[in-house]
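Presented below is the structure to which this report refers.
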Amino acid sequence: MNNDILNQSIEFIKGVGPARSKLLSEELNLKTVKDLIDFYPYRYIDRSRFFKINELPKNQSEVQIIGKIKSVKRTKVRFRNRLNCEFYDETGKVDLIWYRGFNWVEESLKTNEEYVIYGKLSWFGNNPSIAHPEIKTKDSFNRNIPRRLHGIYSSTEKLINEGVTQKYFIKIIYNLLNSLQNQIKENLSYNILNEYNLIDRYKAIINIHLPESQELLSQSSKRLKFEELFFNQLGFQLTKNERIQKLNGFKFEKVGDNLNQFYKNSLPFELTGDQKKVIKEIRNDFRDGKQMNRLLQGDVGSGKTIVSIMIMLIAIDNNFQSCILAPTEILANQHFKSIKELLSGLDIKIDLLTGSVKTKDRKAIHEDLLSGKTNILVGTHAILEDIVKFKNLGLSIVDEQHRFGVAQRAKLWKKNSPPPHVLVMTATPIPRTLAMSLYGDLDISSIKELPPGRITTKTVHKYDKNRLSVFKFLREQIKKGRQIYLVYPLINESEKLDYKDLMDGYESIVREFPRPDFQVSIVHGKMSSKDKDYEMGRFINKETQILVSTTVIEVGVNVPNASVMVIESAERFGLSQLHQLRGRVGRGNEESYCILMTKDNLSEDSKIRVDTMVKVSDGFKLAEVDLKLRGPGDMMGTKQSGALKFKLADIIYDSEILNNARKCAYKLLESDPRLTKKENYPIRHEISSSSNSKNLWRYIS
Ligand code: ADP
Ligand code: MG
């Protein structure tokens, strides 16, 4: 399409002019011709359908009826005039009512004329009525509405008051599109249109605004969604191809002594099928000479840690160092301890680097990393600091990635050249469609199978009023030697109110579970990490039976003897977070419980969430539900949601189109990596001219 025209102000479109152009810009941010073309209706009204009165739906839908007027009467209801018409077809009667402006109506309506009326139904018992219907003689209806399917555009109070009505939108868009007939050019190749059965671009844009039929509307919407998702996926593929071309990776070809010995002597259990599958996928990456960038998703407790340990051993067997990054100190400590234990039979040096390591010790760690003495470094963000240098870092593992940003991942890349292989692990599974649109440039591995013998955690919903019975249950569990987590929704650690809830909660728990029979720990984000670790340590060592905390324990903590998770104000958490918390229990051999405490009257949404948690234990399924309930933006946090905003496409409902678009982009670049074939010129041209895809130009120019 010609850019000059697209960037022109809407002021120059027939029927707009300076005043309305200003208004449209202020109210709807519509400034250029392109803005207006992209301003699709948000829903449609089907004016091709006529209802018989005895078949009217018993709700408030908008309907269209053909019939005649039998009587027109002014009536007074509570001192107010109104106009009442009895409107009949051969099957029944509808009352048409006007509350104002009816002089004109009264004068022009004729009783022997056939009319088409259109409006929103109301029901008084079995009597249908329509207030302020649109009314046209059948003749003029047939003459004036060429398209029977009407788009409805979003509008504002102010626009309506200034005369910018739905009809107005339709008129100016109709004028605009007519005048652009030869300017709206195809941006996909003929082959793609053919293969995926897509209509051409101009036809799609015309019909998304002014659909000729339901059929054409759905074809248009399919075509335009495909286009959006295709360029999105093409972007990912181009970035990825570029990276693969540029970035060689280290080759880990050997399976050496460390891995073999560990496998024979120290592996504490048989690996699950999925664990084996993932290790195989990663080994293939290690061998192909390219840098690995892989996302490993696996539910809480699915055994990602052992996978990470085994692949670090492969790195070591090939004379490379590894590091593993955890989002919190607690978690880093825990990883350090368990990795050390598991690898105790091998001659491997493992170091721990967190914010609380003393300067003197830190120096020694830095030296050992640089000399290559240290094989594995476990730590927090502290690892990312520039001063931390490796002799030969070959593999970086990031645990619980949702706490890490892209920028931090990039810092890892800089720790060696070529950059180390990167494995990002997450226990918050992301539905496939989301993963494709967010991490389209990562390869994805999944562990869906849990280790054998896991007993699913029994999940129940209790209202606040049942608190006493819950406490009784907790006492019984403690008597049996179990430990308990009690979590408060300190969603924003800086919020005073939440903090007060937590402290009040803690005090009431101490009152209910008094010393010396009971011991209670507390952990929250405002404590120093030393205090946190101390309190956490008391719980891990079974010195305390109850751990009152915020969601700081959400991630990764492993205390197998803790078998009960109580979540206060559970209605305030999202599904993924509830699932994360629930994953803290059920790690031992005992029956485990998750108790969701909520206030007494829940909103519809909260009720669905809590009920879903009670019924569903599979994290992948929960992620799908969460995505449907909250939408992709909220689910992934606001930062990433921008990447998920499409004009038409919805990654939840259009997963099939997304799959096709991805496949299509992949195949295209396989046959024509820089889009230089003549048949692909339209795509090339789109990339060079559209502001959305411009950043991709460097990959093909
Ligand atoms: P996550 O994926 O949440 O990080 P972990 O790696 O912490 O899970 O594993 C959870 C628990 O399951 C650990 O106690 C671990 O030792 C155990 N585990 C892992 N894999 C297996 C397996 N194949 N068979 C039996 N237990 C396993
Ligand atoms: Mg873990």
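The values are calculated or read from the model by the stated rules, or taken from the named source; none is laboratory data. Note that the structure is predicted; figures quoted are calculated from it, not measured. Note that we place each Cβ from the backbone using ideal geometry, even for glycine, and neighbour counts take in every protein chain shown. Remember, those area values only see protein heavy atoms, side chains included, never the ligands or the DNA or RNA. Shrake-Rupley method; radii C 1.70, N 1.55, O 1.52, S 1.80 Å.
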When only residues in segment 286-308 that are open to solvent by less than 20 Å² (accessible area, probe 1.4 Å) and away from ligand 1 (no atom under 13 Å from the Cβ) count, which is farthest from LYS530 (Cα to Cα)?
GLY289
Which numbered condition in (1) under 23 Å from HIS421 (Cα atoms); (2) assigned to a helix (DSSP H, G or I) is the only one that LYS225 fails?
(1)
Filtering segment 121-138 for residues that are under 15 Å from LYS52 (Cα atoms) and touching an Asp or Glu at 6+ places or on another chain (Cβ under 6 Å) leaves a count of 1
Check on SER576, at pLDDT 85 or above and of a type in the set (Gly, Ala, Ser):
no
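Yes/no matrix, rows are residues, columns are (1) at pLDDT 95 or above; (2) touching a Cys at 6+ places or on another chain (Cβ under 7 Å); (3) away from ligand 2 (no atom under 12 Å from the Cβ):
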residue: GLY298; (1), (2), (3): no, no, no
residue: ILE311; (1), (2), (3): yes, no, yes
residue: ALA315; (1), (2), (3): yes, no, yes
residue: ALA332; (1), (2), (3): no, no, no
residue: LYS360; (1), (2), (3): no, no, yes
Condition test on ASN207, is it open to solvent by 90 Å² or more (accessible area, probe 1.4 Å), modelled with pLDDT of 90 or more and not in a loop (DSSP other than H, G, I, E, B)?
no
Can you name every residue in segment 21-49 that is open to solvent by less than 80 Å² (accessible area, probe 1.4 Å) and part of a loop (DSSP other than H, G, I, E, B)?
LEU30, ASP38, PHE39, TYR40, PRO41, ARG47, SER48
Report yes if some residue within segment 390-397 is away from ligand 1 (no atom under 14 Å from the Cβ), more than 21 Å from ILE282 (Cα to Cα) and touching an Asp or Glu at 6+ places or on another chain (Cβ under 6 Å); otherwise report no.
no
Evaluate segment 401-410: report whether one residue or more is at pLDDT 90 or above, within 16 Å of ligand 2 (Cβ to nearest atom), among the polar types (S, T, N, Q) and crowded, with 20+ Cβ neighbours inside 10 Å.
no
Filtered residues of segment 341-366 (kept if surrounded by 15 or more Cβ atoms within 10 Å (Cβ to Cβ) and within 16 Å of ligand 1 (Cβ to nearest atom)):
LEU342, LEU343
Would you confirm, using the coordinates I've provided, whether LEU325 is in contact with a helix residue (DSSP H, G or I) (Cβ under 6 Å, 6 or more places away or on another chain) and away from ligand 2 (no atom under 16 Å from the Cβ)?
no
Based on what the data block shows, is VAL105 touching a residue at least 24 places away in the same chain (Cβ under 8 Å), more than 16 Å from ILE53 (Cα to Cα) and more than 46 Å from the chain's Cα centre (by Cα)?
yes
Does LYS280 count as in a helix (DSSP H, G or I) and more than 24 Å from the chain's Cα centre (by Cα)?
yes
Residues in segment 309-319: is at least one within 16 Å of ligand 1 (Cβ to nearest atom) and more than 27 Å from SER417 (Cα to Cα)?
no
For LYS14, state whether it is part of a loop (DSSP other than H, G, I, E, B) and out of contact with any strand residue (DSSP E or B) (no Cβ under 6 Å at 6 or more places or on another chain).
yes
TRP98 fails exactly one of the following numbered conditions: (1) in contact with a His (Cβ under 8 Å, 6 or more places away or on another chain); (2) within 18 Å of PHE51 (Cα to Cα). What is the number of that condition?
(2)
Among the residues of segment 411-462, what is the count of those that are of a type in the set (Gly, Ala, Ser), at pLDDT 85 or above and under 23 Å from PRO327 (Cα atoms)?
2
Check on ILE324, open to solvent by less than 20 Å² (accessible area, probe 1.4 Å), within 15 Å of ligand 1 (Cβ to nearest atom) and part of a strand (DSSP E or B)
yes
Scanning segment 602-646 residue by residue, the ones that are of a type in the set (Lys, Arg), over 21 Å from ALA427 (Cα atoms) and at pLDDT 85 or above total 1
Can you tell me which residue within segment 463-472, out of those that are touching a residue at least 24 places away in the same chain (Cβ under 8 Å) and closer than 20 Å to GLN545 by Cβ, is most open to solvent (accessible area, probe 1.4 Å)?
ARG467
